[in-house]
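Trainee: Here it is, the structure in full.
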Amino acid sequence: MVAAWLLLAPAAVMVAGVLAYPVAWEAWTSLTDLSPQRSGPARFVGLRNYVELATNPVYRFWPAAAATLAFVGLTGAVKLALGLGLALLLQRPFRGRALVLLAVFLPWVYPASVAVIGWYWTLNPPLVTSYSRLAADLKQAVDGAFGSGAWALASVGLFNVWRGAAFTGVFLLAGVQAVPADLFDYARLECPSPWRRFWFVTVPLLRPFLALAVFLSLTTGLADLANVWMLTGGRVVFPVLGTEAYWLGVQAGQLGPAAALSLTLVPPLALVLWALFRLVDPPEERPR
Amino acid sequence: MVIERRWKKWVFFYVPLTLFLVGMLFPFYWMLITAIRPDAELYRSWRNVHNTPFWTLHPTLDHVQDLLARTMFPRWLWNTFFIATVSTGISLFCGLLAGYALARLKFPMAGTLGTAIFVTYLVPPTLLFIPLANIIRNFQLGDTPWALILTYPTFLIPFCTWLLMGYFKTIPKELEECARVDGATRFGAMARIIFPIAVPGILSAGIFAFTLSWNEFIYALVFISSPERKTVPVGVVSELIRGDIYFWGQLMAGALLGSVPVALVYSFFVEYYVAGLTGSVKG
Amino acid sequence: MAQVVLKDLNKMYDDVHAVKDVNLNILDKEFVVLVGPSGCGKSTTLRMIAGLEEITSGEIQIGNRVVNDLPPKDRDIAMVFQNYALYPHMTVYDNMAFGLKMRKFPKAEIQKRVQDAAEILGIQELLKRKPRQLSGGQRQRVAVGRAIVRHPQVFLFDEPLSNLDAKLRVQMRVELKRLHNRLETTAIYVTHDQVEAMTLGDRVVVMKDGWIQQVGEPLEVYGRPRNRFVAGFIGSPAMNFIETTVADGAGALWVECAGLRLRVPAERSARLAGKRRQAVVLGIRPEDLHPATGADPVDLTCEAVVDVVEPLGSDILLDVKVGNCVIVVRVDPSVRLRQHDKIRLAFTPERIHFFDAKTEESLQ
Ligand SMILES: Nc1ncnc2c1ncn2[C@@H]1O[C@H](COP(=O)(O)OP(=O)(O)OP(=O)(O)O)[C@@H](O)[C@H]1O
Ligand SMILES: [Mg+2]
């Protein structure tokens, strides 16, 4: 008992010690009208920030939420599909697999901030470079269809998929290798259709790994969005929850609504996490 | 029959694999080409007759030389390496102890705490840097590596703990019990039996933490201001994009060179990495 | 009709030659057991028959059809794995129904077959449980049930009993034999346990280092092993081996070593005649030695000193010293002996084996 707390202490001090104040600050701020542009102490305003967000179209909360959901959902699905495909391709040993594995993992190892710049500026060339005409045409087409900033968002999505699929692939490969090979062998004996084999055997067996991969890809997806806003100096103007919070907090100085906005992500994420945990460890399957 | 099978192998294995590899590696190729492309070619119009978008006829090392001479790139590399190593060390130490406690010691709330560790990931990091900056200022750590060494563990420790907790759970209890019957204390058994067995898990967590801190951007951007104290990601981005002036080739050269150390570290431990991930989720 | 024919079968894993020139004709309805020490290529052979491993060279026929290039699912075989390979996310019923569902059998048919199989194996009450709620023996039954619902042409078993405790293993062994008598399906069974091999197999295939050493009915392999390896591998406790030299004397051939001098039975002399003054290995099973009585010819006996006494109940095992070597003798439980007692042992002449010291081939 004492031993347990002793062992937990360093981690607790490092994490809670450093994070307790910032998290509390954010929660408290979301209930006040704190702003660097206003002198005097911040006033407690209760849930007004949240109500404002939901009702006042100035904050663009609902379009941002929808765009976030679409972004995270789309990139998540693509990452999972590509990652799973990669894991299944690499499942059986072949000559040079270690090299392929290394190559596949490079995008994740690569510094995200620099890669994002590479991607973003490659797809949105700021200068007259050798292919800027092509990029500009594409941008115009996409922005025309979905609204200004959509192409920039799409390029972030592409980057996120590139980086995330690599990680998901290696992660799921670890999963595939953790499943006893007999189980796949038996399926090969019994099941004529690779497609059904995939749905009836591979997916259920990989469930815990799939669940975690989904969760990690969700959080990195959101983080990438935030990073890009910073990296591009706010050029990604298409409203998404993370970037709106930045814009509100850092640019417009409305820290209260900004904090409220970024906290609105917590309940849905918690819900997803809970659902995923249940998938990983369904209660009725615990050993007797 | 045999011919048909070879055909199948091509369609279902080689072709998709090649597509994947091209997709994964093309951006690197693009950066490489940009890094060694002379400026004259880089800023030429799309419709130019001699345009060669996918290769260059006059490769040059100018950008790399520029990067090394004009910026403090080597210095950034060293800063990043130092910060990543120290914060990884701290996180691994805390994560080992906490992971062991959560996996092995029976105490009320062990499960809850395990979940709580995961929940730290839920708070969006979006605005956390504002209050964190207050803390850094109060401790007068602003613009020193310690600002980052202190803050990085906040997101590294949860991951290390969680990864190692899973890994410890896959190690049979009997191993440890045997050592304790033979006269080791609980801590002795932990340090001499369990930790050595968990080496793949520890390495895996270590690589993960190292990569995350090597790549971190926001905190490094906010807490460090002097050019000679910057890390590679921030240095490359902030010193090579000034307003609307881009040192396009140097940027790409920096991007390529900056990731070499991590790629090297990773390439030595690929197998361990996969093994470590496996253990941590199964448990 | 499903005989299985293996022709010049070879398997190479990058640089390991795991199966070498295996030739085997397995008859319809036969129960054939592949047995051998760990790593001898039994599983690899079985997995090639199943289609889970590619064949490096050679040919496999199942029921007169060459199946080399047929995917496993079309070979009409069912396999039971060592660790059972039950799907943790499915109930026992779903596990058993899996192969049929995948082949799109009508629901009623599936239900009937699963019920029948469950009845045969006595697992009707377990159908709703998940594998992890079962004991080892129950899982084993489910794995077998999963194979029999398929009504395949050939059953393949890869060490299905090795995860069970000794008592359960004996019980399941009997059940498997009964099941085979009832279903009359060709079966190929892999094990490293020679008792299992002897009791279950219509024929036994002994393997070592990828080579087949001997194929035969259990008693044939036991009684007339082709070489020293088979002789030592089959039978428990193992056959005793004594290094001897062939010598001439008194109108007969003798084999001798320190503390032992035996007259070679007349009918065996022919093969040993060419081996004068050369080394041969004498093999004798513990049960083919007995305390000498007046009826035993003196030149087929030797002096021994008891070293260890192991009473098994049904009989007693004695570790005795003859000259420099230690051999094991199985004697009647009525024999009263203690450590250091002297005893005269008689060899049963027609059960003595001789092996070439170099090639280890039997000199029958
Ligand atoms: N995938 C593989 N790659 C390389 N070598 C292999 C592979 N599978 C088996 N081998 C080698 O082939 C040989 C035969 O293996 P096999 O699995 O058939 O042995 P076995 O007789 O079933 O042994 P056991 O009783 O231990 O199961 C062994 O030397 C083994 O190391
Ligand atoms: Mg085997």
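Where a number appears in this text, it was derived from the coordinates with a stated rule and is not lab data. Computed from a predicted model, the values in this text were never measured in an experiment. Here Cβ is always computed from backbone atoms with ideal geometry, including for glycine, and neighbour counts include all displayed protein chains.
Trainee: Check cross-link reach from C:Lys104 to the aspartates and glutamates: straight Cα distance under 13 Å, and skip same-chain residues fewer than eight apart.
Mentor: Correct list for C:Lys104: A:Glu190.
Trainee: Projected area of the protein assembly as shown, taken from the Cα convex hull and averaged over every viewing direction, in nm²?
Mentor: 51.7
Trainee: At q = 0.10, 0.11, 0.12, 0.15 Å⁻¹, what log₁₀ I(q)/I(0) does a Debye calculation on the Cα points of the range B:59-282 give, no solvent, two decimals?
Mentor: Per q value, in the given order, log10 I(q)/I(0) is -0.55, -0.65, -0.74, -1.02.
Trainee: When a footprinting reagent is the concern and you count Cβ atoms within 10 Å, what order do B:Ser226, C:Ser362, B:Ser213, C:Ser269 take, fewest first?
Mentor: Going from least to most buried by this count: B:Ser226, C:Ser269, C:Ser362, B:Ser213.
Trainee: Inside 10 Å of the C-beta atoms of A:98-107, what's the mean count of C-beta atoms belonging to other chains?
Mentor: If you average over the peptide's residues, the count of other-chain Cβ atoms is 5.
Trainee: Follow-up. Beyond 28 Å, what percent of the Cα pairs of chain C remain?
Mentor: Tail of P(r) above 28 Å: 54 percent of Cα pairs.
Trainee: A follow-up question, please. Can you grab the distance from the C-alpha centre of the range C:46-95 to the C-alpha centre of the range C:247-309, Å, no decimals?
Mentor: Taking the Cα centre of each part, the range C:46-95 and the range C:247-309 sit 50 Å apart.
Trainee: Sort the range C:43-195 into rounded, prolate or oblate with this rule: let a ≥ b ≥ c be the square roots of the eigenvalues of the Cα gyration tensor; rounded if a/c is under 1.5, and if a/c is not under 1.5, prolate when a/b is larger than b/c, oblate otherwise.
Mentor: Since a/c reaches 1.5 but b/c is at least a/b, the shape of the range C:43-195 is classed as oblate.
Trainee: Among the aspartates and glutamates, which fall within straight-line cross-link reach of A:Lys79, defined as a Cα-Cα distance under 16 Å, with same-chain neighbours fewer than 8 residues apart omitted?
Mentor: Qualifying aspartates and glutamates at Cα under 16 Å: A:Asp224.
Trainee: Place a point 7 Å from the Cα of B:Arg192 along the Cα-to-Cβ direction; which residues of the range B:145-179 have their backbone N under 14 Å from it?
Mentor: Once the point is set 7 Å along Cα→Cβ of B:Arg192, B:176-179 turn out to lie under 14 Å by backbone N, inside the range B:145-179.
Trainee: While we're on this one: Nearest 10 degrees, 0 to 90: what angle lies between the long axis of helix C:92-102 and the longest principal axis of chain C (Cα atoms)?
Mentor: So the helix axis and the longest Cα principal axis differ by about 70 degrees.
Trainee: Too long at a 30 Å Cα-Cα cut-off: which of C:Lys177/C:Lys208; C:Lys275/C:Lys321; B:Lys9/C:Lys29; B:Lys106/C:Lys128; C:Lys29/C:Lys208; C:Lys73/C:Lys130?
Mentor: B:Lys9/C:Lys29; B:Lys106/C:Lys128
Trainee: Next question. Between B:Glu177 and C:Ala279, what FRET efficiency follows from the Cβ-Cβ distance if R0 is 56 Å, with the result rounded to 0.05?
Mentor: The calculated FRET efficiency here is 0.65.
Trainee: Just counting partner chain Cβ atoms within 10 Å, what average do the residues of peptide A:257-264 show around their Cβ?
Mentor: 3
Trainee: Still on this structure, I have one more. Compute the acute angle (0 to 90°) between the alpha-carbon long axis of helix C:166-183 and the principal axis of greatest extent of the alpha-carbon atoms of chain C; round to the nearest 10°.
Mentor: In chain C, helix C:166-183 runs at an angle near 60 degrees to the longest axis.
Trainee: Please arrange B:Phe12, B:Phe210 by counting, for each residue, the other beta carbons lying within 10 Å of its beta carbon, fewest first.
Mentor: Numbers: B:Phe12 13, B:Phe210 24.
Least crowded to most crowded, the residues run B:Phe12, B:Phe210.
Trainee: For C:Leu156, what residues show an amide H to amide H distance below 5 Å, using hydrogens built from the backbone and excluding near sequence neighbours?
Mentor: Placed amide hydrogens put C:Ala78, C:Met79, C:Val80, C:Ile188 under 5 Å from C:Leu156.
Trainee: For chain C, set up a GNM with springs between Cα atoms under 10 Å and report which of C:Leu345, C:Leu126, C:Leu337 has the largest fluctuation.
Mentor: Among C:Leu345, C:Leu126, C:Leu337, the largest GNM mean-square fluctuation belongs to C:Leu337.
Trainee: What is the angle, in °, between the Cα long axis of helix C:107-121 and the longest principal axis of the Cα atoms in chain C? Nearest 10 is fine, range 0 to 90.
Mentor: With both axes taken from Cα atoms, the answer is about 30 degrees.
Trainee: As I understand it, the dipole of the range C:325-364 uses +1 on the Cβ of Lys and Arg and -1 on the Cβ of Asp and Glu, about the Cα centre. Which of C:Leu363, C:Pro349, C:Val335 lies farthest toward its positive end?
Mentor: C:Val335
Trainee: Another one. Quick one: Cα centre-to-centre distance for the range A:150-180 and the range B:148-217, in angstrom?
Mentor: Computed from Cα coordinates, the inter-centre distance equals 26 Å.
Trainee: Something else now. Could you please rank B:His58, C:His17, C:His180, placing first whichever residue has the fewest other Cβ atoms within 10 Å of its Cβ?
Mentor: Listed from fewest to most nearby Cβ atoms, that is B:His58, C:His17, C:His180.
Trainee: Peptides A:73-79, C:107-113: what's the order by average Cβ count within 10 Å, highest mean first?
Mentor: Working: A:73-79: 18.7, C:107-113: 13.7.
Highest-to-lowest ranking by the protection proxy: A:73-79, C:107-113.
Trainee: Could you work out, residue by residue across B:207-220, how many beta carbons of other chains sit within 10 Å of that residue's beta carbon, and then give the average as an integer? Show your work: numbers first, answer last.
Mentor: Values: counts 1, 0, 0, 1, 6, 1, 0, 4, 9, 3, 10, 6, 0, 1.
Mean partner-chain Cβ count within 10 Å for B:207-220: 3.
Trainee: Same structure again: Taking the mean number of other Cβ atoms within 10 Å as a proxy for protection, how do you rank A:42-48, C:216-222 from highest to lowest?
Mentor: Highest-to-lowest ranking by the protection proxy: C:216-222, A:42-48.
Trainee: Students often forget the sequence filter, so: which aspartates and glutamates lie under 16 Å Cα-Cα from C:Lys112 once same-chain residues fewer than 8 apart are removed?
Mentor: C:Asp94, C:Glu125
Trainee: Further question on the same structure: Of all the C-alpha pairs in the range B:127-203, what % are more than 17 Å from each other?
Mentor: 60
Trainee: OK, next. Residue by residue through the range C:214-226, what is 3J(HN,Hα) from phi via Karplus (6.51 cos²θ - 1.76 cosθ + 1.60, θ = phi - 60°)? Round to whole Hz and write x for glycine and proline.
Mentor: 6, 10, x, 5, x, 6, 5, 5, 6, x, 10, x, 6
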